[in-house]
Amino acid sequence: MSMEALNEDLLTAKAQLERGSTAANAAHEIGEAMAHTASQLEIDAMRAGGYIPYSNPNSLIPDSQVSPSGIISTLRTAAELFGNARSGLVTTMGESDNEHIQNAGLHLYQAADILQQDGSGAIPAAERVKANIDAINEKIMALHGLIVGVNFVATRLQGRLKTSASEAKLSMESITSFQRQAGLPE
Amino acid sequence: MEEVNRGLEAVKSDTTRAGETVHVGISLTKEALGSLAAFFQGLTKSAELIPSDEDVQKMKKGTETATNAYLEAYGILYAASATTQNGNLKHAATMAKGAISILAPADETRFAAEQSARADAVELEETIGKIRGMYTELLTLAGETFNIANFELGGVALTAASEGEQAIVEISAYQQEKIN
């Protein structure tokens, strides 16, 4: 192979190395931005998690002051008090046929029932809220883990892309050294 | 009659306490709704930050383009260094091979693949996809929870409190008619 033909090949190799390192550097910049974004997402996820009305000492997410368990127990107490009031009314008045007393008894019965009714009562609704909030809390913790993972991988990837671009540059420099020694066009 | 009146006053007192307790529950629910709304807003805002598919694809494409370009350069340099036995060209070939192995090693055994930028890019694509899905799930769940807490819990509890008030009105009416 003539030196001219060899140099043609080397110039092609340099052009490819240049093309490769440009692509790697561009991808590296995206990876760097992605790692930065992941850091922001991590902060935001923690902040959003702090608003979840949840109370769990083992949670990674800061506890909110309002827990659905507290709401459930408050409403149960209210239902019990309405029930007690109705029992008190029955005891006080016996089987009264007075319309006002009968109405009062009915209202008290309904008040307790509305709170506890299966499916459509306030307490079952609060229990569903609790179940959903438990699920939200679990998901936000899993999301946090994924975001940390993205940050780690994006940082590692951009490091790899940068290193590969540096190796390509070193390869190009060695070709140039050869060309200079051999008096070939660079 | 006095005894009956005392009994009715006790019933009214229990009912009032029950109503107050319901209102405490409603007030806690309102606070929870405020927290949920803030959670939803924060999540919606940060969902906009999730890296776009376009960026992920650009990064993957950049990695592939660089790998292919290095591969071509390495082929040329390997042949040139074998022909010339020149140290500079050998070094150039070694460096080009190094660049390839960082991005996408030819012998993609499991271990090697896990060490590569290509594997990182694929992992990022998958994880970002999962994150996007999870934000959607969280926003849906938060919206659903808000609706349950607002309408089914808060609304129904208010009705219960109102029933209690009605009971007191009825008892008072009885007291006015029969006792006072």
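Readers should treat all values here as calculations from the given coordinates under stated rules, not as data from a laboratory. Just so you know, these numbers come straight off a predicted model, no measurement behind them. In this analysis, Cβ positions are derived from the backbone assuming ideal geometry, glycine residues included, and neighbour counts consider all displayed protein chains.
Computed quantities for the displayed model
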| item | result |
| --- | --- |
| Per-residue average of Cβ from other chains inside 10 Å of A:178-186 | 2 |
| GNM top mover of B:L103, B:L138, B:L49 - chain B, alpha-carbon springs below 10 Å | B:L49 |
| Nearest-0.05 FRET efficiency for A:E4 and B:E125, computed from C-beta distance (R0 45 Å) | 0.50 |
| Residue list for the stretch B:9-43, given a label point 7 angstrom along the Cα-to-Cβ vector of A:E80 and an amide N cut-off under 13 Å | B:18 |
| Cβ neighbours within 10 Å from other chains - mean over A:8-18 | 6 |
| GNM result for chain A, Cα springs below 10 Å: residue of A:V153, A:V90, A:V129 fluctuating most strongly | A:V90 |
| Chain A: angle of helix A:122-182 to the longest principal axis, Cα-based, in degrees nearest 10 | 0 |
| Degrees separating the helix A:3-49 axis from the principal Cα axis of chain A, which is the longest one | 20 |
| B:Q57/A:M46 FRET efficiency (R0 25 Å; Cβ-Cβ; nearest 0.05) | 0.30 |
| Helix A:68-93 vs. chain A, principal-axis angle (Cα, 0 to 90°, nearest 10) | 10 |
| For the stretch B:72-180: span of alpha carbons on each principal axis (Å, largest first) | 120, 20, 15 |
| A:E18/B:L141 FRET efficiency (R0 45 Å; Cβ-Cβ; nearest 0.05) | 0.35 |
| Where only alpha carbons of the protein assembly as shown are counted, the Rg and the Dmax (Å) | 36.0, 126 |
| Stokes-Einstein translational diffusion, the stretch A:68-174 - Kirkwood Rh over all Cα pairs, 0.692 mPa s, 37 °C, in µm²/s | 171 |
| Estimated distance in nm for a label pair at A:E95 and B:K30, the labels positioned 7 Å out from Cα along Cα-to-Cβ | 4.4 |
| Reach of A:K169 by Cα under 29 Å, taken over lysines that are not fewer than 8 positions away in the same chain | A:K14, B:K58, B:K60, B:K61, B:K90, B:K97 |
| Difference of contour (0.36 nm per residue) and Cα-Cα distance, B:I179 to B:E9 | 60.0 nm |
| The stretch B:1-72: Rg to Rh, with Rh as the Kirkwood radius over Cα pairs | 1.72 |
| Estimated translational D of chain A in µm²/s (Stokes, Kirkwood radius over Cα pairs; 20 °C; 1.002 mPa s) | 92 |
